[in-house]
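**Student:** The structure that follows is given in the form of structure tokens.
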Amino acid sequence: MTKIELTVDGSKVSDDVEPRMLLVQFLREKLGKTGTLIGCDTSNCGACTVHLDGHAVKSCNMLAVQADGSEVTTIEGLADTYDGGELHPMQAAFHECHALQCGFCTPGMIMRSVDLLGENPDPSEQEIREGLEGNLCRCTGYHNIVRAVQTAAAAGKGAQA
Ligand code: FES
Ligand code: FES
């Protein structure tokens, strides 16, 4: 077992983990953060996306021990990173634009989309589609997801004005 210490959704966590444990397993099985989902076993779907030190990563694609000393934000802590309401603006935009059907991809989509706007606050439609290419949705056809990201980007611009 290896001892790790990290911050998850604003709380300090310290635990002993097997070196082979994936970060997504640690979040779900040890911390009960079941909002972070597992949708594949090939690192393709992006349902497991969280933020590691502020950037989107696929938590099925790294070991829990690799997150030692880091700050992890899951979909369950995202709203707390935004000082302005119950929902993060990206969550509100997904809601407003009906950017989900079954919702399985949604946590990962939202976490990736927040990082995408962090990298590029005013992306073109093409840049949004390319930015989300590591996240798969089996339901929506992506159209409303792209609209949601555009809506959040516009809201961000409004907030800066
Ligand atoms: S569960 Fe991580 S990419 Fe699919
Ligand atoms: S809403 Fe069902 S997979 Fe995206």
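**Student:** Which longest run of the chain has no exposed loop site in it, a site being trypsin sites (Lys or Arg not before Pro) in a DSSP loop with at most 11 other beta carbons within 10 Å, and the site itself not part of the run? Mind showing how you got there, number by number?
**Tutor:** Working: sites that count: Arg20, Arg138.
Of all site-free stretches, the longest is 21-137.
**Student:** Express in whole angstrom the spacing between the alpha-carbon centres of the range 1-51 and the range 78-98.
**Tutor:** The two parts, judged by their Cα centres, are 23 Å apart.
**Student:** While we're looking at this one, here's another question. Using the Cα centre of the chain as origin and beta-carbon charges of +1 (Lys, Arg) and -1 (Asp, Glu), tell me which of Ser43, Pro89, Val8 is placed farthest towards the positive end of the dipole.
**Tutor:** Ser43
**Student:** Relative to the Cα centre, what is the charge dipole magnitude of the chain, using +1 at the beta carbon of each Lys and Arg, -1 at the beta carbon of each Asp and Glu, and rounding to the nearest 20 debye?
**Tutor:** Values: 12 positive and 22 negative charges, 82 e Å.
The dipole of the chain has a size of about 400 debye.
**Student:** Right, something else. Find the lysine pairs in the chain meeting two conditions, Cα atoms under 20 Å apart and a separation of 8 or more places or different chains, and report how many there are. Show your work: numbers first, answer last.
**Tutor:** Details: Lys3/Lys12; Lys3/Lys30; Lys3/Lys33; Lys12/Lys30; Lys12/Lys33; Lys30/Lys58; Lys33/Lys58.
Value for the chain: 7.
**Student:** Counting Lys and Arg as +1 and Asp and Glu as -1, each charge on the Cβ, what is the dipole of the range 1-76 about the Cα centre in debye, to the nearest 20?
**Tutor:** Details: 7 positive and 11 negative charges, 28 e Å.
The calculated dipole for the range 1-76 is roughly 140 debye.
**Student:** Please identify the GluC sites (Glu not before Pro) of the range 104-161 that satisfy two criteria: DSSP loop assignment and at most 13 other Cβ atoms within 10 Å. Which are they? Let's see the in-between values first.
**Tutor:** Working: sites: Glu119, Glu125, Glu127, Glu130, Glu133; in loops: Glu133.
For GluC sites (Glu not before Pro) across the range 104-161 that sit outside H, G, I, E and B with at most 13 neighbouring Cβ atoms in 10 Å, the list reads Glu133.
**Student:** From the Cα gyration tensor of the range 79-155, with a ≥ b ≥ c the square roots of its eigenvalues, which class applies: rounded if a/c is under 1.5, or else prolate if a/b is larger than b/c, or else oblate? The partial results should precede the final answer.
**Tutor:** Values: a/c = 1.60, a/b = 1.15, b/c = 1.38.
Here the range 79-155 falls in the oblate category.
**Student:** With every protein chain left in place, what is the accessible area per residue of the range 65-161 in square angstrom, probe 1.4 Å?
**Tutor:** Values: 5140 Å² over 97 residues.
Using a 1.4 Å probe on heavy atoms only, each residue of the range 65-161 averages 53 Å².
**Student:** Given the convex hull over the Cα atoms of the chain, what projected area results after averaging over all orientations, in nm²? The partial results should precede the final answer.
**Tutor:** Values: hull surface 36.2 nm².
Computing the convex hull of the Cα atoms and averaging its projections yields 9.0 nm².
**Student:** What number, rounded to the nearest 500 deg cm²/dmol, is the helix-based mean residue ellipticity at 222 nm of the chain, given -39500 (n - 2.57) per DSSP H run of at least four residues and division by all its residues?
**Tutor:** Here the helix-only value at 222 nm equals -9000 deg cm²/dmol.
**Student:** If you restrict to DSSP beta bridges whose two residues both lie in the chain, what percentage is antiparallel, to the nearest 5? Provide the component values of the computation, followed by the final result.
**Tutor:** On the way: 14 of 16 bridges.
Once the DSSP bridges in the chain are tallied, antiparallel ones form about 90 percent.
**Student:** Still on this structure, please answer the following. Expressed as a whole percentage, what fraction of the accessible surface of the range 90-146 belongs to carbon and sulfur atoms when a 1.4 Å probe is rolled over the protein heavy atoms?
**Tutor:** Values: 1430 of 2800 Å².
Carbon and sulfur together cover 51 percent of it.
**Student:** Another question, if that's okay. Restrict the search to the range 81-161; then list the chymotrypsin sites (Phe, Trp or Tyr not before Pro) that DSSP places in a loop and that have at most 15 other Cβ atoms within 10 Å of their Cβ. If you can, show how the numbers build up before the last one.
**Tutor:** Values: sites: Tyr82, Phe94, Phe104, Tyr142; in loops: Tyr82, Phe104, Tyr142.
Passing both the DSSP loop test and the Cβ count: Tyr82.
The values are calculated or read from the model by the stated rules, or taken from the named source; none is laboratory data. On a predicted model such as this, the values are computed, not experimentally measured, just so you know. Neighbour counts run over all protein chains shown; Cβ positions are idealised from the backbone, glycine included. SASA here: full protein model, heavy atoms, side chains in, ligands and nucleic acids out. Shrake-Rupley method; radii C 1.70, N 1.55, O 1.52, S 1.80 Å.
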